[in-house]
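Below is one structure, written out as structure tokens; the observations come after it.
The values are calculated or read from the model by the stated rules, or taken from the named source; none is laboratory data. Source: prediction; values computed, not measured. Cβ atoms come from the backbone with ideal geometry, glycine included; neighbour counts cover every protein chain shown.
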Amino acid sequence: MVAVVEMTTQLPPQSSVSTKRKDKTGKISRRLDDLLLSPRRTIINFLVSIFLFILLSSSAISTTPTTIEVARSISEEEVAPGDELEVSLNISMSIDVMALLVTEKLPSGFNITTSNPTFSKYNSTSGEVAWLFYSDTGLSNMTITYTVEALTNISEGIYYIEGYWSVVNSNASIITGQTSSTKVQVEKLSSTLSLSVSQSSVKIGETITVIGSISPALPSGNITVAYKKPDGLIFKRETVTSSNGEFVDSYKVDAVGLWSVTASWMGDLRYKGAESPEVPFMVEPLIEPWLIYVLIAIAPITVLGIVMFLRKRRQL
């Protein structure tokens with residue numbers, strides 16, 4: 001029988017223990033005292049009663065060396081804030097392991113959400129998750145799977161999942177070891193901005209409308225729209241994306257010449273910021289340039305005609 005133990009298990013009555021078993025108790029107790037004096041005593045204090053029960057109920061002492069290996073694998077090496085990560089612990093051991101304590105230490109910014117089998121103890125402050133198994137006939141190879149979530153406010157960077165384990169075999173020997181650390185990189189997801197203008201050219205004093213969207217569609221994103229005037233002056237206006245990630249801004253242009261506009265956003269806890277390509281548009285005067293040339297050309301003729309008309313009137 002194999003059992004996963006919660007940290008509330010009590011020591012069963014020992015009234016039927018034989019004299020030989022009692023002699024073994026002293027040895028076991030001394031080994032458990034060694035565990036209690038270790039830096040991991042907070043978790044192991046809960047295990048004393050279980051270990052005593054297992055070892056006192058063993059009918060034979062195995063001389064086979066105890067070997068154990070805990071190998072960790074993860075579903076993704078890179079996650080974004082808010083993402084989940086699947087973790088598997090493949091545990092191989094010899095049959096004389098009577099009790100096993102596996103502890104995983106999650107880095108700051110990660111929380112465990114599910115576990116199979118259910119963990120025996122979880123300390124959200126230290127990030128330590130513990131599983132305790134025991135069997136009066138010896139444990140066999142097993143796999144632990146659990147899911148962790150990267151919190152949405154976690155910073156980008158490299159994090160490590162660490163672990164260690166402890167076993168008690170039927171020799172009353174306590175063996176401990178560490179699980180190799182596993183690197184997890186946290187990086188925000190990419191986003192893109194697209195942008196267009198309502199018209200490629202407008203008259204001075206008219207309104208230009210800028211239309212854009214963010215991908216993936218993110219509502220309530222703060223967008224900065226930057227207009228560049230023909231003289232190089234840049235001014236910025238703020239707008240917010242709608243529920244489908246689109247945004248609109250309108251401005252009455254006040255200078256003739258070539259303008260351009262871009263849009264950008266700073267990103268959020270989950271997504272990186274982005275900037276759109278620059279979109280140009282032309283602002284033209286109210287009078288067409290060729291009309292100005294025509295007026296300039298006919299102005300002298302008009303003036304001369306007026307002068308000649310006035311002279312003729314005087315002669316009459």
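Looking at the structure I just gave you, is A150 touching a Lys or Arg at 6+ places or on another chain (Cβ under 6 Å) and surrounded by 15 or more Cβ atoms within 10 Å (Cβ to Cβ)? In short, no.
When the residues of region 219-258 are narrowed to those that are small (G, A, S) and part of a strand (DSSP E or B), which ends up farthest from V202 (Cα to Cα)? Lay out the reasoning, then the answer.
Kept after step one, since they are small (G, A, S), are these residues of region 219-258: 220-221, 226, 232, 242-243, 245, 250, 255, 257.
If we keep only those that are part of a strand (DSSP E or B) as well, we get 226, 250, 257.
Values: A226: 18, S250: 13, G257: 10 Å.
Checked region 219-258; the qualifying residue farthest from V202 (Cα to Cα) is A226.
Among the residues here, L269 qualifies as surrounded by 12 or more Cβ atoms within 10 Å (Cβ to Cβ) and either assigned to a helix (DSSP H, G or I) or modelled with pLDDT under 95 (or both).
State whether the residues of region 157-167 include one that is of a type outside the set (F, W, Y), within 30 Å of G245 (Cα to Cα), buried (at least 20 other Cβ atoms within 10 Å of the Cβ) and touching a Pro at 6+ places or on another chain (Cβ under 9 Å). Scanning region 157-167, I find no residue that is of a type outside the set (F, W, Y), within 30 Å of G245 (Cα to Cα), buried (at least 20 other Cβ atoms within 10 Å of the Cβ) and touching a Pro at 6+ places or on another chain (Cβ under 9 Å), so the answer is no.
Take the conditions (1) of a type outside the set (F, W, Y); (2) part of a loop (DSSP other than H, G, I, E, B); (3) modelled with pLDDT of 95 or more; V102 misses just one of them, which is (2). Scanning region 115-147 for residues that are in a loop (DSSP other than H, G, I, E, B), of a type in the set (S, T, Y) and surrounded by fewer than 16 Cβ atoms within 10 Å (Cβ to Cβ) yields T118, S124, T125, S126, T137, S140. Can you name every residue in region 204-213 that is surrounded by 14 or more Cβ atoms within 10 Å (Cβ to Cβ) and part of a strand (DSSP E or B)? Scanning region 204-213 gives I208, V210, I211, G212, S213. Going by what's in this entry, would A263 be described as touching a residue at least 24 places away in the same chain (Cβ under 8 Å), assigned to a strand (DSSP E or B), on the phi < 0 side of the Ramachandran plot and not charged (D, E, K, R)? For A263, the condition - touching a residue at least 24 places away in the same chain (Cβ under 8 Å), assigned to a strand (DSSP E or B), on the phi < 0 side of the Ramachandran plot and not charged (D, E, K, R) - is met. Scan region 121-147 for residues that are under 15 Å from V167 (Cβ atoms) and small (G, A, S) and the total you get is 4. When T224 is tested against the conditions (1) over 27 Å from S92 (Cα atoms); (2) not assigned by TED's automatic domain parsing to the domain that holds W259, the lone failure is (2).
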